[in-house]
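Beneath this line is the structure, given in structure tokens, with notes to follow.
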Amino acid sequence: MIAFFIGPSTGKVTGQSIAFNIIYDNYSGKKYLINYPDPDEGFLSLFKGYIQSFFVFIFINLLFFFKKKTVYITSSRTLIGFFRDAIYIIVGKLFFAKVVNHLHGADFKYFRNEQCYIIKKIIDYVYNKIDVSIVLTARMKEQYNIYRKMKIKVIGNCYFGLSYRQEKKIFNNETLKLVFLSNLLYSKGIVHLINVVKRINNEGIKVSLEIAGKILSDEYVDSCKLKEILEAKIENCPYIKYHGPLNSEKKSALLNRSDVFVLPTFYRSEAQPISVLEAMYFGCVIVTTAHNYMPDFVTAKNGIIINPDDEDDLYEALLKINNMKSIFSDVAAYNACYVKKNFSPENYINKITSVIIED
């Protein structure tokens, strides 16, 4: 059997690209990579990359015409991305391949509902050709509830590529050590978090914040403007440090020295961020929002769930942790066990491999 892995293997690092590379790199069967070019490379380079990838896809399908084939694709929720995906899905079906679609975002229904009648019909035509879709939580099945013939499998994300977890003494310092680890978008709540950390420090309570990730644009604020906002807000704040994007080793060290992972997200596409699982692996208490599918895998057992876009709620949550450190030490220990049991890379790879190879 031959498996085609179609998705963003290189370019901008996102949760989707990380998850895609985990399964591609660790799938042990015969495989071919169709890598989506980086959109930042420019139009000509992008066009050339797509043409080359498509003809490679056609050639390999012709070469192994009579072999069993599976197309594994991480689908987009933009119009251009949809038509790009649609070509591979339709051509794959013409060569009698099974199509496995992996949804990593919470906004497919939003994307579809925003389109005109004709585009909706085209989307439905293409998605009705998909044999199996993988979603991250059981409630996330609702994204595809209009496609009655589509099989839907629930497979959560996983942590991966982290350094070995050292013995960690959480809350071993007078200062409460917070970490924000994600691509930096306004809708990830980074500005809200900085405001709250400054507010708490101004009240004489010692809280530090380390921030890591690439600054990106969203529908609220573009990356250049967000960079200006962040620089202005953390100026003259020695208790707030911005590291930029980090490699695996430095990311592991950052999480291992942190007490609380904070992601006050209201990002439209948020589903199951890998960074939350990574933070659990290193025994961090989690503070995040009741947004989209976040409460499906983060509960009060893992930390504190707050309202999206609510600085006062975030403020109260951080004060609660600071005042109840002994209780939240148990939460941190629970998280390290919980994530290994439910979100290990071995489980992730084995489950997706089973979906790819099964008849």
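The values are calculated or read from the model by the stated rules, or taken from the named source; none is laboratory data. What you are looking at is a predicted structure, and each value in this text was computed from that prediction instead of being measured. We place every Cβ from the backbone using ideal geometry, glycine too, and count neighbours over all the protein chains shown.
Just a few scattered comments:
- Count of residues meeting criterion [within 20 Å of N322 (Cβ to Cβ) and either touching a His at 6+ places or on another chain (Cβ under 9 Å) or crowded, with 17+ Cβ neighbours inside 10 Å (or both)] in region 155-180: 8
- Qualifying residue in region 210-228 (condition: surrounded by fewer than 20 Cβ atoms within 10 Å (Cβ to Cβ), aromatic (F, W, Y) and under 28 Å from S76 (Cα atoms)): yes
- One residue stands out in region 68-88 among those that are surrounded by fewer than 15 Cβ atoms within 10 Å (Cβ to Cβ) and of a type outside the set (V, I, T): the one that is farthest from the chain's Cα centre (by Cα), namely K68.
- Within region 249-274, considering residues that are of a type in the set (K, R) and not in a helix (DSSP H, G or I), the one nearest to the chain's Cα centre (by Cα): R268
- Meets criteria (within 20 Å of T353 (Cβ to Cβ) and out of contact with any Phe, Trp or Tyr (no Cβ under 8 Å at 6 or more places or on another chain)) for D40: no
- Out of N335, N292, sole residue that is buried (at least 16 other Cβ atoms within 10 Å of the Cβ), more than 15 Å from T137 (Cβ to Cβ) and either under 19 Å from the mean Cα position of the chain (by Cα) or of a type in the set (K, R) (or both): N335
- From E249, E278, E270, residue being surrounded by fewer than 16 Cβ atoms within 10 Å (Cβ to Cβ), touching a residue at least 60 places away in the same chain (Cβ under 8 Å) and farther than 21 Å from V197 by Cα: E249
- The residue pairs whose first member lies in region 333-359 and is within 19 Å of S275 (Cβ to Cβ), whose second member is hydroxyl-bearing (S, T, Y), and whose beta carbons are closer than 6 Å, counting only pairs six or more residues apart or on different chains, are V339/Y281.
- Comparison of K188, K206 shows that the only residue that is charged (D, E, K, R) and either under 18 Å from E270 (Cβ atoms) or crowded, with 18+ Cβ neighbours inside 10 Å (or both) is K188.
- Test: residue in region 157-177 that is β-branched (V, I, T), touching a Leu at 6+ places or on another chain (Cβ under 7 Å) and at pLDDT 95 or above: no
- Among the conditions (1) over 22 Å from S252 (Cβ atoms); (2) among the small types (G, A, S); (3) touching a helix residue (DSSP H, G or I) at 6+ places or on another chain (Cβ under 8 Å), the only one that S187 does not satisfy is (3).
- Yes/no for D312 being modelled with pLDDT under 95 and more than 25 Å from the chain's Cα centre (by Cα): no
- Of all residues in region 284-323, those satisfying the criterion of being in a loop (DSSP other than H, G, I, E, B), out of contact with any Asp or Glu (no Cβ under 9 Å at 6 or more places or on another chain), within 26 Å of K206 (Cβ to Cβ) and of a type outside the set (A, V, I, L, M) are N302, D310.
- Residue satisfying all of: in region 14-33; over 29 Å from L181 (Cα atoms) and not aromatic (F, W, Y); surrounded by the most Cβ atoms within 10 Å (Cβ to Cβ) among these: K31
- Within the option set F54, F108, F65, being among the aromatic types (F, W, Y), in the same structural domain as Y32 (by TED's automatic domain parsing) and crowded, with 18+ Cβ neighbours inside 10 Å holds for one residue only, F108.
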